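Single-structure report; data block below.
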Amino acid sequence: MKEKANAIAALLEEKYPETECGLKWQGDPYRLLIMAILSAQCTDARVNIVAETLFARFPTAYDMAGATLEEIEAEIRSVGLYRSKAKALKECCTRLTEVYGGELPREMGDLLTLRGVGRKVANLLRGDVFGLGGIVADTHCIRICGRLGLSDGRDPLRTERDLEKLIPLEKQSDFCHRMVLFGREICIARSPKCEECILLDFCTYKDKK
């Protein structure tokens, strides 16, 4: 299975030699944290638009923690579930400032104590901010790995655990970013472009179509 995973990773790297997070976080860990929380059930493109005014209003975790829910809601209203996300942002930043001095922690256990941060977001932060690797098991990654037979294609934690064993730590973040690009461009959820797929030889989904 490792040989298969390495071959898939190599093909994706050839197709997408340059990788970056779809969220325009400008190298600021605080920005990536907030944007990752906002991205739940929302497109990166929409979050990037909202971020332009959001961070002008609340440039630091201290600013966000000190804001009212109504003020935060007003800035993120175009994002889905904006009321619950506003509450998550305020509580997250309150803990970030009170416990961690406004600095993003690097350990998984610490990150998971922040409101709105689950394993997917924590792995994104650990990988992109700290270079620690981590499998970001988002919908694209779960779906594609299921179709390729690298995991069961249903459970985020199972996908994370399976890929951890197959993809070297130093390549995990880039691999997941490439999965997102591939999922948006080729391996689309409802109508995958199998005729354009560079991974077709590894795919089990094509046999079910």
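The values are calculated or read from the model by the stated rules, or taken from the named source; none is laboratory data. Being a predicted model, the structure only gives us computed values, none of them experimental. Here the Cβ is made from the backbone with ideal geometry for all residues, glycine too, and neighbour counts use every protein chain on show.
Tabulated results
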read-out: Close pairs (8 angstrom Cβ cut-off, 6 or more residues apart or separate chains): touching a residue at least 40 places away in the same chain (Cβ under 8 Å) and farther than 23 Å from Asp44 by Cβ in the stretch 64-77, outside any helix (DSSP H, G or I) and aromatic (Phe, Trp, Tyr) anywhere; value: none
read-out: Test for Val121: is it within 20 Å of the chain's Cα centre (by Cα), among the hydrophobic types (A, V, I, L, M, F, W, C) and part of a helix (DSSP H, G or I); value: yes
read-out: Residue tally, condition modelled with pLDDT under 95 and either among the acidic types (Asp, Glu) or closer than 25 Å to Phe130 by Cα (or both), over the stretch 75-116; value: 0
read-out: Within the stretch 131-144, tally of residues that are surrounded by fewer than 24 Cβ atoms within 10 Å (Cβ to Cβ), outside any loop (DSSP other than H, G, I, E, B) and either not basic (Lys, Arg) or not assigned by TED's automatic domain parsing to the domain that holds Arg178 (or both); value: 3
read-out: Yes/no for Arg115 being surrounded by 14 or more Cβ atoms within 10 Å (Cβ to Cβ), in a loop (DSSP other than H, G, I, E, B) and of a type in the set (D, E, K, R); value: yes
read-out: Complete set of residues in the stretch 169-202 that are without any contact (Cβ under 8 Å) to a residue 12 or more places away in the chain and surrounded by fewer than 13 Cβ atoms within 10 Å (Cβ to Cβ); value: Glu185, Arg190, Ser191, Lys193, Glu195, Glu196, Asp201
read-out: Every residue from the stretch 57-78 that is more than 13 Å from Ile34 (Cβ to Cβ) and in a loop (DSSP other than H, G, I, E, B); value: Thr68, Arg77, Ser78
read-out: Meets criteria (under 14 Å from Ile8 (Cβ atoms) and polar (S, T, N, Q)) for Ser151; value: yes
read-out: Verdict on Ala74 being surrounded by fewer than 19 Cβ atoms within 10 Å (Cβ to Cβ) and in the same structural domain as Glu170 (by TED's automatic domain parsing); value: no
read-out: Criterion (surrounded by 17 or more Cβ atoms within 10 Å (Cβ to Cβ), outside any helix (DSSP H, G or I) and among the hydrophobic types (A, V, I, L, M, F, W, C)) met by exactly one of Leu96, Leu150; value: Leu150
